[in-house]
1. Any idea which of (1) in a loop (DSSP other than H, G, I, E, B); (2) modelled with pLDDT of 75 or more is the one residue A:251 doesn't satisfy?
2. Could you tell me which residue of region B:207-235 is farthest from residue A:164 (Cα to Cα), considering only residues that are among the small types (Gly, Ala, Ser) and in contact (Cβ under 8 Å) with a residue 60 or more places away in the chain?
3. Which one of the conditions (1) closer than 29 Å to residue A:216 by Cα; (2) without any contact (Cβ under 8 Å) to a residue 24 or more places away in the chain does residue A:39 fail to meet, given that it meets all the rest?
4. Taking residue B:240, is it away from every other protein chain (no Cβ under 12 Å) and assigned to a helix (DSSP H, G or I)?
5. Against the condition assigned by TED's automatic domain parsing to the domain that holds residue C:314, aliphatic (A, V, I, L, M), more than 30 Å from residue B:275 (Cβ to Cβ) and assigned to a loop (DSSP other than H, G, I, E, B), how does residue C:369 come out, does it pass?
6. Return a yes/no flag: does region C:522-542 have any residue that is among the acidic types (Asp, Glu) and surrounded by fewer than 18 Cβ atoms within 10 Å (Cβ to Cβ).
7. Restricted to region C:423-472, and to residues that are more than 13 Å from every other protein chain (Cβ to nearest Cβ) and assigned to a strand (DSSP E or B), which residue is nearest to residue C:523 (Cα to Cα)?
8. Looking at region C:517-534, is at least one residue within 16 Å of residue C:550 (Cα to Cα), of a type in the set (A, V, I, L, M) and part of a helix (DSSP H, G or I)?
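The values are calculated or read from the model by the stated rules, or taken from the named source; none is laboratory data. Small disclaimer: the values here were computed from a predicted structure and weren't measured. Cβ placement follows ideal geometry from the backbone for every residue including glycine, while neighbour counts extend to all protein chains displayed.
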Amino acid sequence: MAEPILEFDDVDIRYRTDGDDVRAVNGASFAIDEGDYFGLVGESGCGKSTIADSIVGGLDDNGEVVSGEIRFKGEQIQDYSESEFNENVRWKEVSVIPQSSMNSLDPVMKLSEQAVEMAKYHTDLSRPAALDRLRELFDVVGLSESRISDYPHQFSGGMQQRAIIAFALFLQPSLIIADEPTTALDVIMQDQIMDYINGLKDDWDVSMLLITHDISLVFENCDSMAVMHGGQIAETGTVDDVFDRPRHPYAILLQNAFPDVRFPDRELAVIDGHPPQLRDEVDFCTFADRCPWAEPACREGAPPATPVAGDDDHLAWCVRAGEMSELAANHLERSTESTSILEGGQ
Amino acid sequence: MSRLRYFARRTAVTAVLIFLVASALFLFFRLMPGDYTSLLIQQGMDPQQIEALRRKWGLAAPLHVQYVRYIVNLLTADVGQSFRYGEPVWDLVAPRILNSFVLVAPAITATYIIGGLFGAIMGRRRGGYLEKSGIITVSAFHSIPDFFLGIILIAVFSSTLGIFPTSGMLSTPTSIMIQDQPYWRRFLLPEFWKHYALPFATVMLYFMQYPALIMRNSVVEVSDQEFLHYHRLKGLPESTLLRKIIRHASLPVVTLYPISLAASISGLVLIEIVFNWPGIGSLLVSSVLARDFPVIQFVFLVAAVWVILGNFLVDLLYGVLDPRVSVSGSDGE
Amino acid sequence: MPTDGKRESVDRRRVLQAIGAASAAGLAGCSGSGRQETTTEGGGQETGTAADDGELGERVPTLTFQYWSDQGPPTVLFEETISNIQSVASDLGIQIETQPMTTAQGITAVGDDVRDFHVAVNSHGPDPGRLDPNNLLQSYSIDRAGANGEYNPSNYANAEFSELVDQQATIGVPEERRQVVGEAMSIYSEDMPFVPTIERPTTAALNTDMVQPIEAGGAGLSAVNWSALVESGAQTQSGTDTILANLPGEFLTSSFYPTVGDTDSLGLYTQLTHSPLMLYNSDYERVPVLAEDWEVSDDGTEVTFNLRDATFHNGDPVTAGDVKWTYEFLSEQYHAGNYQWTALPEELTVEAVDDSTARFVTPDPAPTLVTAQLPTFGVLPRDPYVEAGIEENPTDFEDPMIGAGPYRISTYNNQENIALEPHDGNPQFQVETPIVMQIYDSVSAVRRAFENGELSIAVTLTPDAGRQIADSMGDTAQIVNGAAFLPFGMMPQMSFAPGMFREFRQALSYAVDRQGLNETYAFGESEEVTYCTFNSQQHPWYDEQYLTEVGEETRNVEAARQALSDAGWGWDDQGRLHYPPGAELEAWPEGETPNPENF
């Protein structure tokens, strides 16, 4: 098995405010192996984008990693300064496909200039070489090479997203963080973009952190994954393991809340309630209030990481993880009934 | 092609605007209460003399004839003669406009550059001490009447410290000495800069508020934009980010720049009088008091044309600063 | 005919004196039956109130005091005068509004007799030509009263006075003329068309570290009167420096021919650069300059000048030929309408008897020639001016700016500055130091520049600024106080009520606190004027024996009320002033001119 390229070890992240701090991420632990596509899935506001930002030092000014370790290629980066991030992490090692591609490209710079700028600050590439490289990448993402000197507003939304992917690949990073890369796009475009992202697996030696609220995207495109809820990691493991044997109630319910092409007739589940506001110390399971199987123990301490028996690296942060296969039998039924395409396809 | 069409259209609009302003000025001055000709009538003149004068100045003709004559004269660059001085308005106004321009253009430009940078820093240090004290300072300077600010500076730097002279552009003997030399020659004299310092500082302190506060707001707004976050994630150093922020945030400041330049012509009147700066301000005031309409009309026209042309140039500059406002607007390269 | 007119008017004057103040109303009342109805109608509106009271006429309306708002320091005095009256308005039972106007507007409004305002608080500008009384006497002539576009400062209409004014203009024998002018002034003073307040102070300051102190006569030193400086030789302390002086904004405005351009700036050129044959010195006395002396023939139609040796700035000698050309040309241009100010007699001929003798000849005596015009306009060298094209384009030629004054113009920048260098060809004045004069638009800017050593002479200051300079600079500053030759005052509009009533003008004169004005405006440096005249005590024609004392140095409200009630005016129970019952309220109908028969 490959070495982890990125590890989160019991990481807490807070945003300072004038009132109580917001505890956006609490005790998060997961690891991404080199070459893996890793999906991080959860509702909006659950802290997944905060995790993405913390990797590249992109937290807002008031955000801070208060405890735990973030290791990139074994190096602790949680306390890096801006210039250390610039030197050691940003873009050469880790690039980002941001959430809102439509607004992420500087409107007053030609795309070619933005590429040349990246080259200038991170490489020795000459200007023509940088432009050549951008042309290549435009080709890769399916854009016409002649368009490299256009301004962003001359591109459609899908084209901008492809240009952003090209930018993400520009310095051949070892990790790409794709934060909701397709949210703003229509369905057909979403599919195309995901195809490109998927296609990178074969031709590029790159790991991917795919952040999304759409669990099906993760199932379709990733090797391993984590499910997040209310600032806590609920469950992590390989996609197969989590899909087949989810052991955190949220992961179980979430699977049922999305339409699945494999089971088109299934009724969609609804998860009641909202994630809590995380103003006080998080010494409880943030899903307890919404969980049909909650018991007092859920509110008496942060849930421990519980290995799921029989799987490697499959953890669920639930005090009742061991009982879930019985408790949620109803919900898990269908997956025993029919074999998933995914599994069958492999 | 479309760039050319855009340019032609803007030029046409600009020309029409100038024409309208010129016409409005013509009417405005003739509809103003008080006899347009009253200046000509002096104590002790007999009616024949008055009539002769009215004819001489073309004031005997009906209004529409005067109007047509006025427009034709404008088109042939003949802006008339001063009632008061009897000499061509242009000869009277041009050197003064130059003197005012020498003061106001660099002062306002420097104000916008320095004020803009200061505002940008305030915006980047949101909530900090610098921002709070900066806002109070620039607002305080703007809330003092401009001429009084000048008097305070004179009291401190001339009367008390004796560093700078109180009045004029040069000492009178010097200005007479170099009067036959090219205009720029004075810029080589330390004396000029000593005379220049206080009025320059007055204009600057007084007008600092606009660029500083607008830039601050604009920077705060731009800093929250997604593309800046993206730039940051791409690993661009802070100085580069700041440059980009300033470029984006400067659009409203650039818009205001020519307006401030023009507005300062009127604001300058009192500053010029306080410092006895030989600019357009004092001529304008005395011409208004003396109802020297050809002069007033022309000065107003120059100010209006200045604003219109300034906006025209800003429109073009916008195209450079922000390609979304580009003249072509299509995606052809 | 003149004799008849004189007798008739003397009678009239006796009547006036006999009936006293009330007569004016009576005279106005019987002056025209045609407009009786109008006023009856006007009065009818208030008949109710008046009838109840039994004794009161129409109520005096809110009075509007107009003043010139663009005169610089004098405007301050105008405003202080009005508020001075305003402070006792309630004691007199009147209300006062103010109406600022530009000088041009004000002159037009008075000239058209528009009747929007009741009192004009203006001044007579001290143009050098007014050192002869003729100009102002003519201003007050009945020919100029009423709505005819001509400026008569208070629309004063007195046929007898006007006749004397006409007479004096052509009396060649000085003593005789003085007599007639005196009689005219006597009527004027009695009628009080001008309510004088205080002398018009002039304030200047010299930096004695830079310039040697000067001896100034009563005229002091001002932008229009530089005599004191040239008389003292214009010496600086080091002997080599340049004198730096200011000029007010309205100077250096003539685009052509500075010596005739504009009366405001004439004093500058007459006294410094373009010497006339003789001029008024700093005591307002005539002294010879280019002429050695002059002789007036007995009938007053010939004046013969003997010229001194003098040279123009270009080195040419001043000859009788130049004198001839200059004044014949100026006369011609005035009557052709090109020059507005060179009011020389129309049929003037000048004979160049020899190189150094010039004889001025007019068909009728022209007494003002030697008292007003010749001391005002300098002699010009014929050839350079003719070469410059003055004869073809009298108002548009390249002025060579050559005269024979003690100073030569070395630089002239319109509306900016002027530089003068000593010229040794002037027979009267020897000056040492170059002078540079710079336009300043604000008195406080002048004061700051002077205090900061940027000016060695500051002229046309306000008395207030002079005081401040004295306080801040102590002995380093010589403050030169003087008085212009025309005092300040008020001009009640005599074409309609209440200005048409002498008792009202008299009350106004009692109500103004002259001493207070002197204190607030001039820090006591000026003088109160209690005799009615448009000439100041400095004026060469000031002669108290012809004048009537019309007021006191301090305010006397009781006397003011007395003057009004003696003439039948009254106050209602709220203390508001009313005209006498049945009083006629127009001296002549609005829009018309007074008929000399009736005045």
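1. Only one criterion is unmet by residue A:251, namely (1).
2. B:212
3. Tallying (1) closer than 29 Å to residue A:216 by Cα; (2) without any contact (Cβ under 8 Å) to a residue 24 or more places away in the chain, residue A:39 fails exactly one: (2).
4. When the stated conditions are applied, residue B:240 does not pass them.
5. no
6. Within region C:522-542 (the criterion being among the acidic types (Asp, Glu) and surrounded by fewer than 18 Cβ atoms within 10 Å (Cβ to Cβ)), the answer is no, since none of the residues qualifies.
7. C:461
8. No: zero hits.
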